[in-house]
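Below: the structure, in structure tokens.
The values are calculated or read from the model by the stated rules, or taken from the named source; none is laboratory data. These numbers were taken from a predicted model, which means no experiment stands behind them. Positions of Cβ are backbone-derived with ideal geometry, glycine not excepted, and every protein chain shown enters the neighbour counts. Side chains are part of the model used for accessible areas, which takes the heavy atoms of the whole protein and leaves out ligands, DNA and RNA. Shrake-Rupley method; radii C 1.70, N 1.55, O 1.52, S 1.80 Å.
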Amino acid sequence: MISLEGTLEHITFYNEQNHYTIARLKTGFPKTTVTIVGHLPKVTVGETIKLNGDWTTHHRFGQQFKFETAEILLPATIDGIRNYLASGVLSGIGPSTSEKIIARFGEQTFSIIEESPEKLTQIDGIGKKKAALIHSQWQSHHCLTSIMKFLQENGVKTVYSAKIYKIYGNEALDIIRQDPYQLANDIPGIGFPMADKIATNLGIEMNVYDRAQSCILHLLAEAVGDGHVYMHEENILERIIDLYAIDSRTAGESLEDLSNAGDIVIESFAGTSSPAVTTSNDRAVYLKNMWQAEHAIANRILALLSIPVTPLPTPVKNVLAEVENKLIISLSPEQQRVLEDVTKHRISIITGGPGTGKTTLIKSITEMNRILGRCVCLAAPTGRAARRLSEVTGHKAHTIHKLLEYSFEEQLFGKDQDDPIDADIIIIDEVSMVDTILMHHLLNAIPFNATVIMVGDAHQLPPVGPGNMLSDMIASEKIPVFYLKTIFRQAAESQIIVSAHHVRNGEFPHLNKMNDPFDNQAEFFFIEQHTPENVVSSIVDLCSKKLPDMFNLNPVDDIQVLTPMHKGVAGTINLNRQLQTSLNTNPGTLSHGNNRFKVGDKVMHLKNNYQKDVFNGDIGTISHMDKADDLLCVDFYGRNVEYSLEEIDELALGYAISVHKSQGSEYPAVVLPLITQHYIMLQRNLLYTGITRAKKYVVLVGTKKALSIALKNNKPQLRCSGLSDRLCSMVR
């Protein structure tokens, strides 16, 4: 590791959330100016710092010094102290005040500020309050540096320093040194391994059983984060022994102790959805809340199935003509049968691929029940999916969270079994996106006199959260499932829908080349590019020139780039930067985090905000920017929403988004990069989901090898989830 020392000359970029910094450092030997990148507590131009790191070469910006640790060097001379205070690093000390402090304390100035701040009141113009403020600023400024240095010495990424300081403040190092394992509970993302590493380096010995139990809880929480509802006991024991050198006896006894204490639940069955090969004596290990949720879902489903349905006041065939006339449609025999059969069950599932008429059936079921005087409630997992559901049905649709009156401040659901949803028919669209916890709260709030109809495509991506609800419910064969298999004639003529069905079956779709001249009736294209850089260049050209010119598309509103990953050359972060440069030439930026926003930018809202009535995945355009007051105004579907500086982290550039974020949405044109560098995310259901987001055009950019990998990779659908087996094992 190389050491570099110099004076900070210019700060190019600074992220207040994690302190990631790009700056120019003027070194004394050799005498030059270099670019430095890394995590640095907020510093001021003119400060002297010492960095430890290595030289790297950025593919675009050239040679940079990437540092791991940073130390602020305090000057020892009077002139150095004067320049340091004049840099503005401590607000409230101007040139006049700094001269008075130096005249009084001389070379002891810094030790007075740090150790005896009350003596600063001897200076005219500094009272107790101002002295305390100067001392506080000094501590926070240097505490962050100390935390970063401590983490680096203990093999922990310095990116966590900002989180640690935010939680613990100036006492951070004392708290960590006293009990490193507290980090696992208090700092999201750090977890047991990092706390354990610090404890080992500090020579702190934790009770072997307490350590094993903490390790087990960490592994289970990590599994939930990866989408699993439980872990196999053998898998847990194997990982504890191999990764943390905990002997098998201690690990086994710790599992039983956690079970006896009620922190975990151990069951002697393994779900059919599990990707692991299990032995006859293998057991499923759940975090308590995950077991409770899965168990409650199964109980609620079986309870709904056991309650007889009140017959309709009139046969379906008597209102069918009115439904078709009102909606100006003609239902197929398959759809008519489903329309009639769903009325005979308290809970049912409608599933099918694109072009099979799921949306038409939702509209028909909604209209039929409204004609019969029933109260119908429509909902979907995300704001975009709910808005689309509302558009296609002509009736108001809610997000599931809003339907359940969820409070993000209190993290509580307002609707439950004691105050259920007030509706006769509850239709939930895009159910493949609903995870175990949300399904638990949804079913818990459905009254036993209501009918619930769940609609979705089990071949799409599983939810971001734990479980695989739609697939599990279908696999159990306990719930009536209505399969829509017929692709309608108009849909059958669509290359997008035909290609999507090929992909769903693991087959190569027909790939049209976008050459001149090209087939102007084509909808599904493939552009072969063999390097990530060429893929990005091709995507920028497609979005800015080729697609708008060929199909008269708006480059910002009509084209959506979907990519499997956030990082990397062809990830969302870099693609957004490149597309912003090409598509938005407006001057002036407002920087925050990793984003630099400009008026006219396409942006995506990242989490549900019920106060603003904006939801996770909503896409808008920045209509106004006030840099003086750090304000942005975003136009969402014709409605302007204002963001203060504190709220801007709810936004990200939206020219390119992840495929996961696109679920429940539709776009006129979709562009998908497919490169082998995305190997870990090249999955059949991910590609299938991305393709089915497009209404008119799909362009795949990359290699046929990457496409082949995605088509063959169907394993990510498999998760450790016990709902299917649980439903089968329960007596109805």
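What to note about this one:
- Using the Cβ of M1 as centre and a radius below 11 Å, the other residues enclosed give a net charge of -1, where K and R count +1 and D and E count -1.
- Nearest-ten-degree value, helix 316-327 long axis tilted from longest Cα axis of the chain: 50 degrees
- Relative packing of 240-250, 204-214, which averages over residues the other C-beta atoms within 10 Å, highest first: 204-214, 240-250
- Under a 5 Å amide H cut-off, with hydrogens placed 1.01 Å from N, T69 pairs with N52 among residues at least 5 apart or on other chains.
- Average accessible surface area per residue within the stretch 53-172, 1.4 Å rolling probe, Å²: 52 Å²
- Modelled this way, with points 7 Å down the Cα-to-C-beta line, the labels at Q521 and F408 are 4.8 nm from one another.
- When shorter helices are ignored and each DSSP H run of at least 4 residues is given -39500 (n - 2.57), the per-residue value for the chain at 222 nm works out to -11500 deg cm²/dmol.
- In the stretch 296-445, lysine pairs closer than 20 Å at Cα, eight or more apart or cross-chain: 13
- Helix 95-105 axis versus longest C-alpha principal axis of the chain: approximately 60°, rounded to the nearest ten.
- Leading residue at positive end of dipole, the chain (Cβ point charges), from I216, S499, F615: S499
- In degrees, nearest ten, helix 572-583 long axis to first principal axis of the chain (Cα): 90 degrees
- Under Karplus coefficients 6.51, -1.76 and 1.60, residue-wise ³J(HN,Hα) of the stretch 695-706 in Hz, glycine/proline x: 8, 10, 9, 10, 10, 9, 10, x, 10, 5, 5, 5
- Sequence-distant residues sharing a close amide H with F615 (under 5 Å, placed H): N609
- Cross-link reach is defined here as a Cα-Cα straight distance under 17 Å, omitting same-chain residues fewer than 8 places apart; for K696 the aspartates and glutamates meeting it are E493, D519, E523, D549, D557, D558, E666.
- Under-5 Å amide H pairs with K695, H placed in peptide plane, nonlocal only: Y667, A669
- Listed pairs K567/K704; K149/K288; K602/K627 exceeding 30 Å between Cα atoms: K149/K288
- For the stretch 370-454, the spherically averaged projection of the C-alpha convex hull amounts to 5.7 nm².
- In summary, the aspartates and glutamates within cross-link reach of K119, defined as a Cα separation below 19 angstrom excluding same-chain residues under 8 places away, comprise E99, E107.
- Rolling a 1.4 Å probe over the protein heavy atoms of the chain, with every protein chain left in place, gives an accessible area that is 48 percent carbon and sulfur.
- For the stretch 166-216, the dipole from Cβ point charges (+1 on Lys and Arg, -1 on Asp and Glu) about the Cα centre works out to 160 debye, to the nearest 20.
- Backbone geometry of the stretch 310-315 corresponds, through the Karplus equation with coefficients 6.51, -1.76 and 1.60 at θ = phi - 60°, to 3J(HN,Hα) couplings of 5, x, 5, x, 8, x Hz, x marking Gly and Pro.
- Chymotrypsin sites (Phe, Trp or Tyr not before Pro) within the stretch 55-111: DSSP coil, no more than 13 neighbouring Cβ in 10 Å: F61
- Only the Cβ atoms of Lys and Arg (+1) and of Asp and Glu (-1) were treated as charged; on that basis the dipole of the chain about its Cα centre amounts to roughly 1680 debye.
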